[in-house]
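Take a look at the structure set out below.
Only the coordinates and a few stated rules stand behind these numbers; no lab work does. The structure presented is a predicted model; accordingly, all values stated were derived computationally and were not measured. Cβ coordinates were reconstructed from backbone atoms using ideal geometry, including for glycine residues, and neighbour counts include every protein chain displayed.
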């Protein structure tokens, strides 16, 4: 049981159902400015192509080189911007709730998308990035998280990360989904400075085309669990087996809504009619893993197919 | 007169062509447009049949595949993929 800082049960249900959480503007402006100031060239960014920009950035000490497998508490120095950001109460609480208090560092990266004026010098054929799932096929029930930190405000024109809510439980092979140009309900990051998006490792996403005049920075860090991901959040209100599960299909219109159940059972507009039901089943399997309750169910989806007597 | 192919890929809610479009992709061999990922939030047609009525020619539909024993609940790629084409006359540059 956990009563400390951390996500609520409803936030955990949203993460299980949709594969992401958004924390807008949680990093103080002074910290955003310090982080960006350390990344930008002393005389202002001037490179005309990404290769030149990364030649400079990869030598920047503000983003250290870290071995995969390092425990997060051992990754950054106390006066590093990134240490301060990851130590913010809301950020620390989210990390702890999802992957524990000493998760394993996988990798991090600074994504830079040049503004349109300079990108056009590099190529007249600039395009958005295809949708993809990071890493490779990953059949685990345990999951890593990817935190996306946007140190500057991201406008529509800046082509912030596009992502597909509810795609995280589909087991696909990286860019094999590149053909899926558009899906109903797709979203794009548009946010104030200092926002952090937390993705389940499987969430389909891709970078948009930066059509603004401003360079766009995105710092990403991937963290894996170092312990069972069971009830690590502020689970004071968790009920996995209600005394009287809510009726299904033939329901009482005046019945009080259960926000946790409703969140977990909310379909995405791009789900196929039949596959959407499989998505619900896979969410419930993940919910059982997270709650530690092997009998947890909603709307009878798992109990029905487990009623085996043969 | 030369011709160039345009391709439309529709992903539908079921295996039936008259069900809603849930995803889509376009490719333009004429070079007149340059579709890319994330370029539209509204599908070009409501259903696959609407694309037929607008002159698109269906050239491929994904088959229905049996579920592998033990993997019945696994989800991965979009299941109901339909490829359409149009041919457009094209005047090559001299």
With axes computed from alpha carbons, what is the tilt in degrees of helix A:29-39 against the longest principal axis of chain A, rounded to the nearest 10 within 0 to 90? 50
If each residue of separation counts as 0.36 nm, what is the full-extension length gain between residue A:36 and residue A:243 once their alpha-carbon separation is subtracted? 69.3 nm
Angle between chain A longest axis and helix A:275-291 axis [Cα atoms, degrees, rounded to 10]: 90
To the nearest µm²/s, what D does Stokes-Einstein give for the protein assembly as shown at 4 °C and 1.567 mPa s, using the Kirkwood radius over alpha carbon pairs as Rh? 55
FRET efficiency for residue A:48 and residue A:142, Cβ-Cβ distance as r, R0 = 41 Å, nearest 0.05? 0.40
With a ≥ b ≥ c taken as the square roots of the eigenvalues of the C-alpha gyration tensor of the range B:1-63, please select rounded if a/c is under 1.5 and otherwise prolate if a/b is larger than b/c or oblate if it is not? oblate
How tilted is helix A:9-18 with respect to the longest principal axis of chain A? Cα atoms for both, answer in degrees (0 to 90, nearest 10). 70
Among A:280, B:10, which comes first, then next, by fewest other beta-carbon atoms within 10 Å? A:280, B:10
Springs between alpha-carbon pairs under 10 angstrom, Gaussian network model over chain A: which of A:107, A:59, A:132 fluctuates most? A:59
Compute the length gained on full extension between residue A:24 and residue A:62: take 0.36 nm times their separation in residues and subtract their Cα-Cα distance, giving the result in nm to one decimal. 11.4 nm
Full-extension gain between residue A:267 and residue A:213, please, as 0.36 nm times their residue separation minus the C-alpha to C-alpha distance. 15.7 nm
Here FRET efficiency (C-beta to C-beta, residue A:250 to residue B:74, R₀ 35 Å, nearest 0.05) is 0.70
Which one of B:20, B:44, B:35 has the biggest mean-square fluctuation once chain B is modelled by GNM with Cα springs under 10 Å? B:35
Helix-only mean residue ellipticity at 222 nm for the protein assembly as shown, each DSSP H run of n ≥ 4 adding -39500 (n - 2.57), per residue, nearest 500: -6000 deg cm²/dmol
In Å, what is the Rg of the alpha-carbon atoms in the range A:134-216, and how long is Dmax? 13.5, 42
With equal scatterers on the alpha carbons only and no solvent term, can you work out the Debye log10 of I(q)/I(0) for the range A:201-281 at 0.11, 0.12, 0.21, 0.24 1/Å? -0.61, -0.71, -1.23, -1.32
Applying the gyration tensor rule to the Cα atoms of the range A:9-224 (axes a ≥ b ≥ c; rounded if a/c under 1.5, else prolate if a/b exceeds b/c, else oblate), the class is oblate
